[in-house]
1. Shielding of B:69-80 by partners, i.e. mean partner chain Cβ atoms within 10 Å per residue?
2. What shape does the stretch A:187-253 have by the C-alpha gyration tensor, where a ≥ b ≥ c are the square roots of the eigenvalues, rounded means a/c under 1.5, and otherwise prolate means a/b greater than b/c and oblate the rest?
3. GNM on chain B, C-alpha springs below 10 Å: top fluctuator among B:Ala169, B:Ala235, B:Ala21?
4. Taking square-rooted eigenvalues a ≥ b ≥ c of the alpha carbon gyration tensor, is chain A rounded, prolate or oblate, where a/c under 1.5 means rounded and, failing that, a/b exceeding b/c means prolate?
5. Between A:Lys60 and residues 5 or more places away or on another chain, which pairs have amide H atoms under 5 Å apart, with H built 1.01 Å from N, and which residues are they?
6. With the other protein chains left in place, how much accessible area per residue, in square angstrom, belongs to chain A at a 1.4 angstrom probe?
7. Rounded to the nearest 20 Debye, what is the dipole magnitude of the protein assembly as shown about its Cα centre when Lys and Arg each give +1 and Asp and Glu each give -1 at the C-beta?
8. Amide H to amide H, which residues 5 or more places from A:Arg179 or on other chains are under 5 Å from it, using H placed in the peptide plane?
Number of protein chains: 2
Amino acid sequence: MVTIKDIAKALNLSPSTVSRALRGSYEINPQTKQLVLDYAAKMHYYPNPIALSLKGSKSKAIGVIVPEIAHSYFSQVINGIEEVAYKRGYHVVIFQSLESYEREVISIENMMARRVDGVLISISSYTIDFAHLQKLRDNQFPVVLFDRITDEIDTFKVVADNFAGAFAATEHLISTGRRRIAHITSLPWLSITQERLEGYKSALAKYDIAFDESLVKYCSFDAGEITMAIKSLLALTDSPDAFLSMADRLTLSCLTNLKEMGINIPTDISLVGFSNLTVAHLLDPPFSTVVQPAFETGQTAAQLLLDWIEKKDKNVDFNTKKLPMKLLIRKSSQL
Amino acid sequence: MVTIKDIAKALNLSPSTVSRALRGSYEINPQTKQLVLDYAAKMHYYPNPIALSLKGSKSKAIGVIVPEIAHSYFSQVINGIEEVAYKRGYHVVIFQSLESYEREVISIENMMARRVDGVLISISSYTIDFAHLQKLRDNQFPVVLFDRITDEIDTFKVVADNFAGAFAATEHLISTGRRRIAHITSLPWLSITQERLEGYKSALAKYDIAFDESLVKYCSFDAGEITMAIKSLLALTDSPDAFLSMADRLTLSCLTNLKEMGINIPTDISLVGFSNLTVAHLLDPPFSTVVQPAFETGQTAAQLLLDWIEKKDKNVDFNTKKLPMKLLIRKSSQL
DNA sequence: TATGCAAACGCAATCGGTATCGATGCCAAG
DNA sequence: CTTGGCATCGATACCGATTGCGTTTGCATA
């Protein structure tokens, strides 16, 4: 690896002159400058980013924490983050929390130890204490939340319009004649869970359908739990005629379970689910989905973070970007 | 951020003593050592990895190049890589080639500029010149290939047993009475394409079925091409009774196209495809798949690379690890 | 001729941590 | 009393690039 000193030695110049020539400083003789530039190009000189980082205390790296990489939604988000970061000369270091609070805290520490310039995070399902994030913010450290956010941290946030997505899905089910719409959702304390529930309730209200608490089921990541939830829903005296599921894993579980039980979709029960699977149209039956703007979420969050990092003055005006959802109606929810 | 010098000043010691105390050097008074350790813990001291990197010319980072992150197979591979890398204190920097040779070359340069300690790469489909990789190897730089490999580079490689996978799938189709088995595959110059074709041929030979070149279709990433291929196969006078597709995107395209054409699966045409989709069982019909050991591939490749990086002597004995495939038989290929 | 003043470039400190080489103090052996 | 050896710790160069400041030119002006 060729360094500035190598170039300096070869051209009988001082390292400082070479450095300035490479950076195009005005106080270098154009001829000298050209000489250095040519030689550097010939020798394939690249500035050592590690030395730069040490000097400037900027690593040109951002950290990303997601619950799981191998999950269609998050891998699409990462795709969007990559695209933006790559174009702006940053690299992306990825961590998985695996929905564990402890791993999330460790990942944050790890990132700080590695001196990333900023963090993008979608909070783990089991994180209810946000001290690890608040500490970063207290130190003026740039953190952008996406998808799973929280009110307790004041910063930039990027989310899908969960309310509108749930509202549209519910309204669609109502418009196809359904009245007893079960709401299968994730953990109750998550922001996305709450927003989606509100969208659902709001749509019911619009059509004067009473909200029935017994139709709402909160499910953890235990696979058996969703099966239990479905069975208890079907056991109701006034059992549901539609399922609205609010997460990928829940959507797929619903489908698997209902099929196993021999329930006809959509004749017996109509089905709409939040999902970013690219093969929803190939499922049996082709599945109506609310699709999250995953790629755009990644892009937007990365933009915000990098703008923030590169901003001179530290007076930033935080806001929350809300990206539109898309409802794709397929056979699972048609008459 | 607290540094060694801060600690030194606070405890009236020299930076070198603090450094040695933190590293547990034997030549430090146990009491002094404890003092330093306690103070460092209290102040949340983390060694600056950037300074370490500059000194030791090791970045403790590895680069990964995949065609696309948001692809079930590759995201599972990355998952495996991550797991191993973090346990061993490395971080993972991910690049996408998007199946472009140019982007692959740029990514390599980018990684070198960033001084990663090693590279894991699954070669882009349109890479037929390997000079960029050979240059790395010429400089004794650790590179491990996975999935898409090449004979032109002598190094560690990790692949799935493509031959066995294709053989098993073909044999299964034959055992269900199929004799005209179409082979829909990827670009002809890829290692995986060739190995899978060999497996297919070998299974045909075993059962004395003549190999018919007209049943083999090579498809690029153009979506229309697969449709054309399928139509031309169905137009044959002796048209196929089974489709064997050799990549995720092809498998899904086959399914989409055949369904659109109103062809009954598996009655009219039996279907088996290579795929790492986790929802194959929910497709219509439930889809027989050859599943690649994605996670294990990532783990193995990362292991090999890190062992190599950390090895003292540079005499490494290259080999190619072959991981078993799994054939999951579902309705799409049953009688 | 002396002085001023740019233009062009070199010196050396710096970032944080490590490693080499001393330096010091103390105790025991000669 | 001197010398050697050990235990313990400090000063400093170094990794690669940047940067404030100083220095050397050449040239024009008083």
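The values are calculated or read from the model by the stated rules, or taken from the named source; none is laboratory data. Worth saying up front: this structure is predicted, and the values here are computed from it rather than measured. So basically every Cβ, Gly included, is an ideal-geometry build from the backbone, and we count neighbours across all protein chains shown. Quick note on the areas: whole protein, heavy atoms, side chains included, nothing else; ligands and nucleic acids left out. Shrake-Rupley method; radii C 1.70, N 1.55, O 1.52, S 1.80 Å.
1. Values: counts 12, 15, 4, 7, 1, 3, 10, 3, 2, 6, 6, 1.
Mean partner shielding for this stretch: 6.
2. Because a/c hits 1.5 or more and a/b fails to exceed b/c, the stretch A:187-253 counts as oblate.
3. Maximum fluctuation in the GNM of chain B, among the listed residues, is at B:Ala21.
4. It comes out prolate by the Cα gyration axes.
5. Sorted by chain and number, the residues that satisfy this are A:Asp117.
6. I get 44 Å² per residue for this part.
7. Here the protein assembly as shown has a charge dipole of around 1960 debye.
8. A:Asp241
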